[in-house]
Amino acid sequence: MRCDTQNLEPNIKIPLTKVGVTNLKKLVRIKRKNKRPVILLANFDVFVNLPPTQKGIHMSRHPEVIEEIIDEAIENENYSVENLCVEIVKKLFDKHEYATKAEVYMEADYMIEEKSPVSKKKSQEIHKIIGGAKGYKKNNKIKIKKIVGAEVVGITACPCAQSLIKEESIKKLREKGFNEEDIKKILESIIFATHNQRGIGRVVLELSEDGDIEIKDLFNLIKKSMSSEIFGLLKREDEAYVVKEAHLNPKFVEDCVREMAKRLLDLNLPDDTYVIIEQINEESIHRHNAYAEKRATIEQLKKELR
C-alpha cells in the first residue's frame, strides 16, 4: 500500500500562507485581433495555501503539475496574460482540493515599436508587463481577482540640485554687475544643470474577474509621470530634446508617484480597483536609490485628490 508522506499530518500543525514554485519560465502566446500573436518568455510564480493538517503539497511533483496547468491553459490562444492567469488559478483549485487560496504572478518583457521625438527614427523599446490572479474559495465558491500591471524606465531630473545651481548662478550674475532685469532675461533663456536618475515606474492594478484595461494605457501613464521618456535610438537632435525636456520638468521620486496616481483617475477605473504605485530612482551622485510608493483604491484616490 502506497503512503504519500505529504498527506500525513505535520509535527507542527500550523497553516502555511503560500507553498509553490517561483521563477518558472514558459513561452506564452498572446493573440491579437487582426495581428500576429505576441510571443512572451514569461516568468511565473505560482502558489496555493496549505492547511495545518497536511504535511506538504507533493513538492517533488509540483513543478510538473504547474507546467501541465500552464500548458493546458495556453493551448487556446488568449487575448491577455491576466486572463491566462485566471484560468491557471481555476485549475490550481482543481489540482489542490484542500487549498482555499491560489495565486499566480507573471512578468515578461514586452517589445513595442516607438519613434524618437524629433528625427522620428523607429526603434524597439522594451517595457515590462505584469499579470496575475488571486483566487479565494469558500463553501465551494471561488472568487477571483485579476492583476494587471506595467513597468517602464524613464529619466528624472533632481529639482533640489537644480535650485541650488540656479541660486548660485544668480549670485554670480549679480557679482558680475548684471541688473535684475537682465538676470531675469538670462534665466528665461537658459536651462540649469542638475543630476539625473534612471527612473523605474511601476503600476499594478487589482481588478474584478471581468475587469479590463489596455496595457498601453499604463505604459503611457508611467512614461508621462517622469521628467522625460527615454529611447533606444537617438540622433543628436533627439538627445538635445530629451535632455531639455527632463531639465524643464524636474521631479522628485515622490512627484512621480503622485503624478501616476492623478493620471490613473483619467482611465475611469471602478472605485473598488486596488492600485499599487511604485517609483525607484537609481541615483547618479549617491550610492543609494530613492523610493516612493502609494497603495489605495480608486475611490480613496478620488477623495484624496479632491
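Computed quantities for the displayed model
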item: Out of E114, E103, E82, E87, sole residue that is within 30 Å of R36 (Cβ to Cβ) and either in contact with a helix residue (DSSP H, G or I) (Cβ under 9 Å, 6 or more places away or on another chain) or of a type in the set (F, W, Y) (or both); result: E87
item: Cβ pairs under 9 Å, 6+ apart, first in segment 104-116 and surrounded by fewer than 14 Cβ atoms within 10 Å (Cβ to Cβ), second of a type in the set (A, V, I, L, M, F, W, C) and not in a strand (DSSP E or B); result: I112/F219
item: Residues that are closer than 13 Å to V152 by Cα and surrounded by fewer than 18 Cβ atoms within 10 Å (Cβ to Cβ), drawn from segment 181-230; result: R198, K216, D217, N220, K224, I230
item: Single match in L221, L164, L207, L233 (criterion: in a helix (DSSP H, G or I), touching a Lys or Arg at 6+ places or on another chain (Cβ under 6 Å) and either hydrophobic (A, V, I, L, M, F, W, C) or within 29 Å of E278 (Cβ to Cβ) (or both)); result: L221
item: Residue that is nearest to the chain's Cα centre (by Cα), among those in segment 66-91 that are of a type in the set (S, T, N, Q) and modelled with pLDDT under 85; result: S80
item: Residues located in segment 43-56, provided they are out of contact with any Gly (no Cβ under 8 Å at 6 or more places or on another chain), buried (at least 17 other Cβ atoms within 10 Å of the Cβ) and either of a type in the set (G, A, S) or assigned to a strand (DSSP E or B) (or both); result: F44, N49
item: Failed criterion for D238 (all others in (1) closer than 26 Å to K115 by Cα; (2) out of contact with any Pro (no Cβ under 7 Å at 6 or more places or on another chain) hold); result: (2)
item: Number of the exception - E209 against (1) within 21 Å of E82 (Cβ to Cβ); (2) at pLDDT 95 or above; (3) touching a strand residue (DSSP E or B) at 6+ places or on another chain (Cβ under 8 Å); result: (2)
item: Pair list, Cβ under 6 Å, 6 or more apart: segment 274-296 residue over 9 Å from Q197 (Cβ atoms), other residue among the charged types (D, E, K, R) and open to solvent by 80 Å² or more (accessible area, probe 1.4 Å); result: I276/R295; E278/E293; A292/E254
item: Output for segment 264-306, where each listed residue is polar (S, T, N, Q) and either part of a strand (DSSP E or B) or open to solvent by 50 Å² or more (accessible area, probe 1.4 Å) (or both); result: N268, Q279, N281, S284, N289, T297, Q300
item: Criterion: of a type in the set (K, R), surrounded by 15 or more Cβ atoms within 10 Å (Cβ to Cβ) and touching a Leu at 6+ places or on another chain (Cβ under 6 Å) - qualifying residue of K121, K145; result: K121
item: The listed residue being under 30 Å from I298 (Cα atoms) and of a type in the set (K, R), out of K216, K176; result: K216
item: Residue ID - nearest to the chain's Cα centre (by Cα), chosen from residues in segment 164-196 that are free of Cβ contacts under 8 Å to residues at least 24 places away in the same chain and under 25 Å from V253 (Cα atoms); result: L164
item: Condition check for E188: part of a helix (DSSP H, G or I) and either within 27 Å of V242 (Cα to Cα) or touching a Gly at 6+ places or on another chain (Cβ under 9 Å) (or both); result: yes
item: Long-range neighbours under 8 Å by Cβ, at least six apart or interchain, first residue in a helix (DSSP H, G or I) within segment 244-257, second open to solvent by 40 Å² or more (accessible area, probe 1.4 Å) and among the polar types (S, T, N, Q); result: A246/N196
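The values are calculated or read from the model by the stated rules, or taken from the named source; none is laboratory data. Quick caveat: nothing in here was measured; it's all calculated off a predicted structure. Every residue, glycine among them, receives a Cβ derived from its backbone with ideal geometry; neighbour counts consider all protein chains shown. Note: accessible area is taken over every heavy atom of the protein model, side chains too, but ligands, DNA and RNA are not part of it. Shrake-Rupley method; radii C 1.70, N 1.55, O 1.52, S 1.80 Å.
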